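Presented below is the structure to which this report refers.
Rule-based calculations on the coordinates, nothing more; no lab input. These figures come from a predicted structure and were not determined experimentally. Ideal geometry is used to build each Cβ from the backbone, glycine not excepted, and the neighbour counts take in all protein chains shown.
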Ligand SMILES: O=C(O)CCC(=O)C(=O)O
Ligand SMILES: [Fe+2]
């Protein structure tokens with residue numbers, strides 16, 4: 001299998017949004033980000049504002065979480081689809097995950113930690129909370145860059161960020177059997193707006209090219225992978241690509257990954273801004289409530305859910 005050549009964008013260490021905004025460097029960076037979302041629907045970011053030590057702490061903390069007894073992990077139930085603890089799902093037997101709402105808010109991180117460790121685990125809570133906060137900041141920065149590059153009014157960005165919520169997912173993929181199933185996560189597009197992913201050193205993420213071929217994404221140790229989801233694809237009138245991806249396990253090491261999934265709030269509408277419709281880009285999606293689309297997807301799992309549900 002070929003290795004995917006997805007763009008790598010370096011965010012300068014001193015990237016301070018307020019200071020850099022409007023500068024030529026900043027504009028160049030914004031264009032790079034948008035172009036990557038248009039051509040590939042994903043890219044990698046080197047982002048020094050999340051220190052290596054925090055990433056390492058997160059991976060150690062996650063291992064302890066997944067090492068808890070099955071009964072304890074099963075206590076985590078969340079009414080949102082795909083968020084409750086998922087252990088032995090027959091479709092993806094190697095996959096285990098938790099989806100935690102708004103873990104960047106201290107109370108949410110505390111509540112989750114308390115459920116898993118009734119005797120307390122302040123270190124876990126602190127790591128979970130600060131990692132999700134920093135990943136949410138990165139997510140919002142990238143959204144802002146996309147808006148800037150489209151030359152759109154700031155009010156759109158404000159609306160999008162104000163009307164969004166996030167889920168922090170922690171995932172473990174078991175070592176595959178020598179012979180037999182090695183799929184870690186089935187092919188899908190993310191339904192949310194934008195995803196920021198991070199993983200341990202075990203590779204396995206694959207993306208589908210526009211030609212329909214699978215390519216492996218080799219993620220460098222310090223990189224974050226950014227993935228465009230259906231909500232952003234629809235909002236951008238199809239200009240940004242919601243890339244199809246999956247996880248395939250090989251070798252004899254467990255894979256751990258975690259991701260920040262930002263998405264429109266309950267009740268929020270996705271509507272293509274007028275600026276993104278013209279003769280060359282006729283309107284592709286009608287306005288719709290994200291939550292309704294998500295419910296539609298959950299009950300009609302289909303690769304073309306977005307086109308069927310919101311296509312004009
Ligand atoms: O584990 C990964 O790297 C990818 C996870 C993913 O695609 C998802 O949870 O939607
Ligand atoms: Fe995904």
### Message
Cut-off is 10 Å between beta-carbons; in what order do 1, 46 appear when sorted fewest neighbours first?
### Response
1, 46
### 14 Å cut-off, amide nitrogen to a point 7 angstrom out along residue 277 Cα→Cβ, residues in the stretch 289-312
311-312
### Query
Hey, what number do you get for the chain at 222 nm if only DSSP H runs of n ≥ 4 count, each worth -39500 (n - 2.57), divided across all residues, to the nearest 500?
-10500 deg cm²/dmol
### Message
Can you compute the label reach from residue 302? Point 7 Å from Cα along the Cβ direction, backbone N cut-off under 15 Å, restricted to the stretch 233-250.
### Response
none
### Query
Simple spin-label model, 7 Å along Cα-to-Cβ: residue 107 to residue 162 in nm?
2.1 nm
#### Entry: In range of the label at residue 201: residues from the stretch 38-80 whose backbone nitrogen is under 11 Å from the point 7 Å along Cα→Cβ
none
#### Entry: Along principal axes, Cα extents of the stretch 162-309, largest first, whole Å
51, 33, 33
### Message
Modelling each spin label as a point 7 Å along the Cα-to-Cβ direction, I'd like the residue 21/residue 286 distance in nm, to one decimal.
### Response
3.7 nm
### Message
What whole-number distance in Å separates the alpha-carbon centres of the stretch 242-306 and the stretch 68-105?
### Response
21 Å
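Note the full-extension length gain between residue 68 and residue 53 as 0.36 nm times their separation in residues minus their Cα-Cα distance, in nm to one decimal.
Working: separation 15, 0.36 × 15 = 5.40 nm, distance 2.32 nm.
Here the segment from residue 68 to residue 53 would lengthen by 3.1 nm.
At a Förster radius of 30 Å, what calculated FRET efficiency corresponds to the Cβ-Cβ distance of residue 2 and residue 186, to the nearest 0.05? Don't jump to the answer; show the numbers that get you there.
Values: r = 21 Å, r/R0 = 0.70.
For residue 2 and residue 186, the calculated efficiency is 0.90.
On alpha-carbon atoms, Rg over Rh for the stretch 31-178 using Kirkwood Rh?
Working: Rg = 17.5 Å, Rh = 17.3 Å.
Here Rg/Rh amounts to 1.01.
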## Note on the structure
Mean Cβ-within-10 Å packing, highest first, puts peptides 247-255, 224-232, 2-10 in the order 224-232, 247-255, 2-10
### Message
For the stretch 137-154 and the stretch 165-197, what is the centre-to-centre distance using only Cα atoms, to the nearest Å?
### Response
26 Å
### Query
When the chain is modelled as a GNM with alpha-carbon springs shorter than 10 Å, which of 148, 28, 280 fluctuates the most?
280
### Query
Where does the Debye-calculated log10 I(q)/I(0) of the stretch 1-59 sit at q = 0.22, 0.24, 0.31 Å⁻¹, using only Cα point scatterers of equal weight, no solvent?
-0.96, -1.02, -1.19
### Message
To test your reading of the geometry: what angle, between 0 and 90 degrees and rounded to tens, separates the Cα axis of helix 290-299 from the longest principal axis of the chain?
### Response
50 degrees
### Query
What is the calculated FRET efficiency for residue 126 to residue 252, with r their C-beta to C-beta distance and R₀ = 51 Å, to the nearest 0.05?
0.95
### Query
In whole Å, what three semi-axes, largest first, describe the equivalent ellipsoid of the stretch 8-310 built from its Cα gyration tensor (square root of 5 times each eigenvalue)?
30, 22, 20
### Beta bridges by DSSP in the stretch 8-310, antiparallel share as percent, to the nearest 5
90 percent
